[in-house]
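Report on one structure; see the data block that follows.
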Amino acid sequence: MATTRWFFEPGHTAAEFQARHMMVTYVRGQFKDVHGFLEVDPDHPEDAKVEATIDASRVYTGQPTRDAHLRSADFFDVEHHPTWTFRGTSVEQLSASEFEVIGELTVRGVTRPVTLNVRYLGQWDTPWWEDGRDLGPRRRAGFVATTRVNRHDFGVSWNDTVDRGGVVVADMVDVTIDVEAVLAEELAAAAT
């Protein structure tokens, strides 16, 4: 097979996070409008290339005051570091639908290795709407990736204490990325 290029459809791709709050519950937030691409030859998934970019200023938790605090220098410092990036460096296929993607995540200008546990959800030919007209079908593929990161590794270290030695925000953050990828073009034609 040939290498194909897929782009992440920003309207249907999102990164979500959850972190323990006040020692008793979880706060969840999300980033929509995630941009990125995947280049892959299905016969050689270990050679796949993947990159994604998140606009950190668009964080949404459902609480405007908390969102403003997350955008501040205490957390994401979006004034100085408005975007986050992920660049895959290696892929290992674990089963027909499960992969481990190791890459470099950059948050607040700090780059650290991160391992994504990726599940392939399949692909389908679907409508493609532009300006009220269906220009499809277009091939779409779905993926869900999860990881856990220590926020201090990226300089996201603000905290405060609560009763009995507890903290306001836990160190570990669980991340889930839902990707809807659209086939863009075939990069390598079959040998003639």
Residue that is surrounded by the fewest Cβ atoms within 10 Å (Cβ to Cβ), among those in the stretch 1-34 that are closer than 22 Å to Phe75 by Cβ, free of Cβ contacts under 8 Å to residues at least 60 places away in the same chain and of a type outside the set (Val, Ile, Thr)
Tyr26
Please work out which residue is farthest from Glu39 (Cα to Cα), limiting yourself to the stretch 64-87 and to residues that are surrounded by fewer than 12 Cβ atoms within 10 Å (Cβ to Cβ) and without any contact (Cβ under 8 Å) to a residue 12 or more places away in the chain.
Thr65
Between residues in the stretch 134-146 that are touching a residue at least 60 places away in the same chain (Cβ under 8 Å) and assigned to a strand (DSSP E or B) and residues that are surrounded by fewer than 16 Cβ atoms within 10 Å (Cβ to Cβ) and polar (S, T, N, Q), which pairs lie under 9 Å by C-beta distance while being six or more apart or on different chains?
Arg140/Gln123; Arg140/Thr126; Ala141/Gln123
Being surrounded by fewer than 15 Cβ atoms within 10 Å (Cβ to Cβ) and of a type outside the set (Val, Ile, Thr) is the filter here; which residues of the stretch 88-116 pass it?
Ser90, Glu92, Leu94, Ser95, Ala96, Ser97, Glu98, Glu100, Glu104, Gly109, Arg112, Pro113
May I ask you to list the residues in the stretch 117-128 that are closer than 13 Å to Val179 by Cβ and surrounded by 11 or more Cβ atoms within 10 Å (Cβ to Cβ)?
Val118, Arg119, Tyr120, Leu121, Gln123
Quick check on the stretch 1-39: of everything there that is of a type in the set (S, T, N, Q) and in a strand (DSSP E or B), which residue is farthest from Asn150 (Cα to Cα)?
Thr4
Quick check on my filter: what residues within the stretch 90-107 are under 19 Å from Phe154 (Cα atoms) and modelled with pLDDT under 95?
none
Looking only at the stretch 57-88, which residues are assigned to a helix (DSSP H, G or I) and of a type outside the set (S, T, N, Q)?
Arg58, Pro64, Arg66, Asp67, Ala68, His69, Leu70, Arg71
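The values are calculated or read from the model by the stated rules, or taken from the named source; none is laboratory data. This one's a predicted model, so the numbers in the text were calculated from it and none came from an experiment. Please note: Cβ atoms are built from the backbone with ideal geometry, for glycine as well, and neighbour counts cover all protein chains shown.
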